[in-house]
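*Asks:* Let me give you the structure first, and then I'll get to my questions.
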Amino acid sequence: MLDWLKGGGRTPGWLAVSFDDASLQFAHARREPGVRALVSSYGARELGAGKDTLERLKRELKLSHYQCSTLLRAGEYDLLLVEAPNVPRPELKSALRWKVKDMVDYKIDEATLDVLDIPPGQAAASAAHSQQVLAVLARNEVIRSRVKEFEQARIPLSVIEIPETAQRNIAALYEENGRAALLLYFGRDWGLLTITHAGELYLARRLDIGAEQHEGIALEAQRTLDHFERQFGHVAVSKLLLAPAGRKTELADTLRAHFDIPVQEIDLRDVLAFGDAPPDEQTQWRLFHHFGAALRDGLA
């Protein structure tokens, strides 16, 4: 959870929204105990000459009525897996700043830092120094710029998320039997691999390859699993999930040939309620991390 901002809205749930000069993308979801999360609205609208304007869309979609979050893009933040300093909780962020200052290419005093906890395993329970955490860092200027964009558009912004936590939220819907799940998502020429257990993000990797590079993906997934087993031997990965790809790919068949664990191509319509307008595969692919960010309620 990246509580870099404070704010609120009147409509229950979260609206994940992002925009640039070309388009606006959004998804709103509401979570209630014991039932599937309801995605009440979603979409992608083109902006620019002859298209919708941001001001008109803001009024049409009633964006000011929502509790809004947005997503940082690749290159705008760093996510570092580090050993947690053995300090009291109130001092953790300060200690982490000192620990990671040489791991980033900017001055640590010019960055905002947040922490994602990874629950310790049985072996680590009596050795605080061996517990690991994920440190999330972004330059202050990046945060200020994003906040300014929303302020100028008069869209209330409460939280800034990262794709890894959005992907965690979706993977958590597929976990079962107390075991972890590995989830792969691919954009046009990049990928994001996450391992989630008990609703927590344990590991994440950006891949500089597209979904068509099957053998390379299988190799990177195997390397990640090997590393995960060394770091978190108390947690077993029981399945490999493939996010909607937005295009035809034979990646699932390649992965099934390489791994003994089940490989599942996921369809968000199986785990989320969309009412009378369920999204097709192309839309699920395009808005995948917006759907995940909108599932923020009830998660750390």
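*Asks:* If each residue's Cβ is checked for other Cβ atoms within 10 Å, how do Thr254, Thr53, Thr196 rank with the fewest at the top?
*Replies:* Going from sparsest to densest Cβ surroundings: Thr53, Thr254, Thr196.
*Asks:* Report the charge-dipole magnitude of region 73-187 in Debye, nearest 20, computed about the Cα centre from +1 at each Lys and Arg Cβ and -1 at each Asp and Glu Cβ.
*Replies:* Roughly 180 debye for region 73-187.
*Asks:* Per residue of region 23-34, what does 6.51 cos²θ - 1.76 cosθ + 1.60 with θ = phi - 60° give for ³J(HN,Hα)? Whole Hz please, x for Gly and Pro, Karplus curve as stated.
*Replies:* 7, 10, 10, 7, 7, 10, 9, 10, 10, 9, x, x
*Asks:* Charges at C-beta only: +1 for Lys and Arg, -1 for Asp and Glu. How large is the resulting dipole of the chain about its Cα centre, in Debye rounded to 20?
*Replies:* So the magnitude is around 920 debye.
*Asks:* Next up: Could the peptides 35-47, 19-31 be put in order, highest first, of the mean number of other beta-carbon atoms found within 10 Å of their residues?
*Replies:* Those peptides, ordered most packed to least, come out 19-31, 35-47.
*Asks:* Counting other C-beta atoms within 10 Å, and keeping those with at most 16, which DSSP coil GluC sites (Glu not before Pro) do you find in region 204-300?
*Replies:* Glu212, Glu250
*Asks:* Could you grab the relative contact order for the chain? Cα pairs under 8 Å, six or more apart, rounded to a whole percent. If you can, show how the numbers build up before the last one.
*Replies:* Details: 572 pairs, mean separation 67.6, N = 300.
RCO, the chain: 23 percent.
*Asks:* Moving on. Which whole-percent values make up P(r) of the chain when all C-alpha to C-alpha distances are grouped in 10 Å steps starting at zero?
*Replies:* 6, 26, 34, 25, 8, 1, 0
*Asks:* Additional query: Filter the trypsin sites (Lys or Arg not before Pro) in region 176-207 to those in DSSP coil with at most 10 other Cβ atoms within 10 Å of their Cβ, and list the result.
*Replies:* Arg188
*Asks:* Of the lysine pairs in the chain, how many meet both conditions: Cα atoms under 29 Å apart, and a spacing of 8 or more in sequence or different chains?
*Replies:* Total qualifying Lys-Lys pairs in the chain comes to 18.
*Asks:* So what's region 78-139 giving for Rg/Rh, alpha carbon basis, Kirkwood Rh from the mean inverse pair distance?
*Replies:* Using only Cα positions, Rg/Rh for region 78-139 is 0.98.
*Asks:* Taking only complete DSSP H runs, can you tell me which helices of the chain stretch 24 Å or more along their own long axis by Cα positions and average at least 0.5 on the Kyte-Doolittle scale?
*Replies:* Taking the DSSP H segments of the chain (at least 24 Å long, mean hydropathy at least 0.5), we get none.
*Asks:* State, as an integer percentage, the relative contact order of region 78-139 based on alpha-carbon contacts under 8 Å between residues 6 or more apart.
*Replies:* 50 percent
Every read-out reported here was derived from the displayed coordinates using simple, explicitly stated rules and does not represent laboratory data. Just so you know, these numbers come straight off a predicted model, no measurement behind them. Neighbour counts are summed over all protein chains in view; Cβ atoms, including those assigned to glycine, are modelled from backbone coordinates with ideal geometry.
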